[in-house]
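For reference, the structure is listed below as C-alpha cells.
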Amino acid sequence: MGNQKIDFYRHGLGREEAEAFEKVLDSLFLTTGGVCARFEKELAAYLGAPQAVTVSTGTAALELALKALGVGPGDEVITTPMTFIATANACLYAGAKPVFVDVEPATGNLDAGRVAAAITPRTKAVLPVHLYGVMCDMRALRAICDAHGLKLIADCAHALEARRDGLGSADLADAACYSFYATKNLTCGEGGAVACPWEETAERLKILRNHGMSKGAADRYAGAFQHWDMVELGRKANLPDLLAALLLPQLPKLAQRLARREAICRRYEEAFAAMAGVDFPRVPQGAMSGRHLFTIWVEERDRFLAALQAKGVGVAVNYRAVHLLDYYRRTLGHRPGDFPAAERIGDRTITLPLYPGLSDREVEQVIEAVASAAAELAGGA
C-alpha cells in the first residue's frame with residue numbers, strides 16, 4: 001500500500017501512547033502486571049462488564065473463552081461463515097466443530113432466525129460476530145441459548161463501542177471477545193480481551209492464558225516468593241504491560257474517534273445510496289454501529305478492486321465466506337450454495353478506507369474513485 005495516495009488504514013497513536021510505553025520501559029515489570037490490571041479494570045468499566053481479562057490476541061480471546069465456558073472436543077459451536085477465519089479457527093483450537101448458519105442479507109450478521117434449526121445434541125455454544133461494528137440481535141440469540149442450555153460467546157472484534165436495543169457489546173453474552181489488532185478502533189498492534197459477568201470465568205481465563213499456571217508472574221514476584229502449580233493445560237497468551245500501556249490513553253478518546261468515523265460513514269452512505277451498481281450493508285433501526293469497517297458490495301468485485309487501486313485508493317476484502325476457503329471445504333465438506341447470503345456478500349464485498357485521520361478531501365476522493373470505477377465497469381471499459 002506504500003505507493004497509494006490514500007492509505008487503507010493509518011493508526012492514530014501519538015505522543016501520549018509513546019510516553020505511556022516509555023514509562024513501562026523505565027519500570028521493573030514489562031510483562032503482565034499492574035498496568036495490565038489497570039487497563040482490565042478501566043476496560044470493564046467502559047463496557048459496563050463485571051470482569052475483563054486481557055490476552056495476547058483476539059483469536060486467543062475466542063479460544064480461551066470457549067474453553068473457560070466448557071466447550072471442548074466433540075462439541076459443536078454455531079457461528080457465521082461471514083467473518084475472519086479466526087472465529088471458526090478458534091472453535092477448532094478448542095476441539096469443537098464450527099457449524100455455520102447463513103447471514104442476514106442486509107447486514108451480513110448471523111441470522112438469528114436460522115440458529116434454532118442448526119442446534120443438535122452436540123451443540124454447546126452460539127458464537128455470533130458483530131460484523132463491521134453492527135451488533136447481532138443479541139436478545140433473540142440469548143433467548144435461543146437460554147431455551148436450549150447453550151453458552152453465548154460474542155465476537156466483538158469490530159464492535160467495542162457498538163450498541164443495539166439498549167445493549168452494549170458485552171451485555172447478555174457469557175463472554176464477549178475483543179481484538180486490539182493493528183487496524184482495530186482500540187489498538188496496541190496485537191492484543192485482545194474477554195469481558196464476562198462471572199469472577200469464576202475471569203479467574204479461569206487468567207489461568208488458561210498463562211500455561212495453566214496457578215499464579216502469574218506478578219503474583220509470584222510480588223513480595224515473598226510464592227510457589228505455583230500447573231492446574232490445567234493452558235496457552236501462552238497473556239498481554240504484557242508494554243502493550244497495555246498503549247491501550248490506556250486511547251480509552252478516553254474512543255467517543256471522539258467514533259464520532260469522526262460515523263461522520264465519514266454517513267457521507268459514504270449518502271453518496272453510495274444514489275450510485276448505480278454500488279450497495280452497502282445497512283445499520284438496523286435501534287443500532288449504533290461501532291463503525292469499524294465500511295464495505296461496499298459490487299458486481300465484478302476483482303475488476304472493481306483493481307480499478308480502485310489504480311486510482312490510488314487502498315482497499316481490502318472483509319471477507320470471503322469462510323466455508324468456501326480450501327481448508328474448510330476439505331475438512332467440513334462445504335460447497336458453493338450452502339450459505340447463499342454469505343456467499344453473495346463474500347463475492348461482492350470491498351472495504352474502503354475508514355479511520356479518524358481520513359480528511360474530508362480524502363473521503364471525497366474515495367467517493368469519486370468508486371463512482372469512476374462503477375461507471376467504467378458499467379460501460380464495459
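Within segment 285-299, being without any contact (Cβ under 8 Å) to a residue 60 or more places away in the chain and either more than 18 Å from residue 314 (Cα to Cα) or part of a loop (DSSP other than H, G, I, E, B) (or both) holds for one residue alone: 285. Residue 357 fulfils the conditions (1) free of Cβ contacts under 8 Å to residues at least 60 places away in the same chain; (2) surrounded by fewer than 16 Cβ atoms within 10 Å (Cβ to Cβ); (3) within 21 Å of residue 182 (Cβ to Cβ) except for a single criterion, (1). Please report, ordered by residue number, the helices (runs of 4 or more DSSP H) entirely within segment 311-381 with at least 1 residues that are at pLDDT below 95. Answer list for segment 311-381: 360-378.
In segment 84-111, the qualifying residues are those that are in contact with a Pro (Cβ under 8 Å, 6 or more places away or on another chain) and of a type in the set (Gly, Ala, Ser), and the one that is nearest to residue 168 (Cα to Cα) is 108. In the set 173, 162, 195, only one residue is in contact with a Pro (Cβ under 9 Å, 6 or more places away or on another chain), surrounded by 22 or more Cβ atoms within 10 Å (Cβ to Cβ), in the same structural domain as residue 151 (by TED's automatic domain parsing) and in contact (Cβ under 8 Å) with a residue 60 or more places away in the chain; that residue is 195.
Is it true that some residue in segment 211-228 is assigned by TED's automatic domain parsing to the domain that holds residue 136 and under 30 Å from residue 145 (Cβ atoms)? Walk me through it before giving the result.
So in segment 211-228, the residues assigned by TED's automatic domain parsing to the domain that holds residue 136 come out as 211-228.
Pick out the ones that are also under 30 Å from residue 145 (Cβ atoms) and you get 212.
So far as segment 211-228 goes, yes, one or more of its residues are assigned by TED's automatic domain parsing to the domain that holds residue 136 and under 30 Å from residue 145 (Cβ atoms).
Total residues in segment 139-159 satisfying the condition of being surrounded by fewer than 24 Cβ atoms within 10 Å (Cβ to Cβ) and among the aliphatic types (A, V, I, L, M): the figure is 7. Taking the criterion of being in a loop (DSSP other than H, G, I, E, B), at pLDDT 95 or above, hydroxyl-bearing (Ser, Thr, Tyr) and surrounded by 14 or more Cβ atoms within 10 Å (Cβ to Cβ), would at least one residue in segment 252-268 satisfy it? Within segment 252-268, none of the residues are in a loop (DSSP other than H, G, I, E, B), at pLDDT 95 or above, hydroxyl-bearing (Ser, Thr, Tyr) and surrounded by 14 or more Cβ atoms within 10 Å (Cβ to Cβ). Please determine whether any residue of segment 112-129 is in contact (Cβ under 8 Å) with a residue 24 or more places away in the chain, among the aliphatic types (A, V, I, L, M) and more than 24 Å from residue 72 (Cβ to Cβ). Looking for residues that are in contact (Cβ under 8 Å) with a residue 24 or more places away in the chain, among the aliphatic types (A, V, I, L, M) and more than 24 Å from residue 72 (Cβ to Cβ), one finds at least one in segment 112-129, hence yes.
The requirement of being in contact with a Cys (Cβ under 7 Å, 6 or more places away or on another chain), among the β-branched types (Val, Ile, Thr) and in the same structural domain as residue 86 (by TED's automatic domain parsing) is not satisfied by residue 129. Among the residues that make up segment 275-284, is at least one of them under 20 Å from residue 8 (Cα atoms), at pLDDT 95 or above, out of contact with any helix residue (DSSP H, G or I) (no Cβ under 8 Å at 6 or more places or on another chain) and not in a loop (DSSP other than H, G, I, E, B)? For segment 275-284, residues under 20 Å from residue 8 (Cα atoms), at pLDDT 95 or above, out of contact with any helix residue (DSSP H, G or I) (no Cβ under 8 Å at 6 or more places or on another chain) and not in a loop (DSSP other than H, G, I, E, B): absent. Here residue 224 meets the list (1) of a type outside the set (D, E, K, R); (2) modelled with pLDDT of 95 or more; (3) over 25 Å from the mean Cα position of the chain (by Cα) almost entirely, failing just condition (2).
The values are calculated or read from the model by the stated rules, or taken from the named source; none is laboratory data. For clarity, every value in this text was computed on a predicted model and none was experimentally measured. We place every Cβ from the backbone using ideal geometry, glycine too, and count neighbours over all the protein chains shown.
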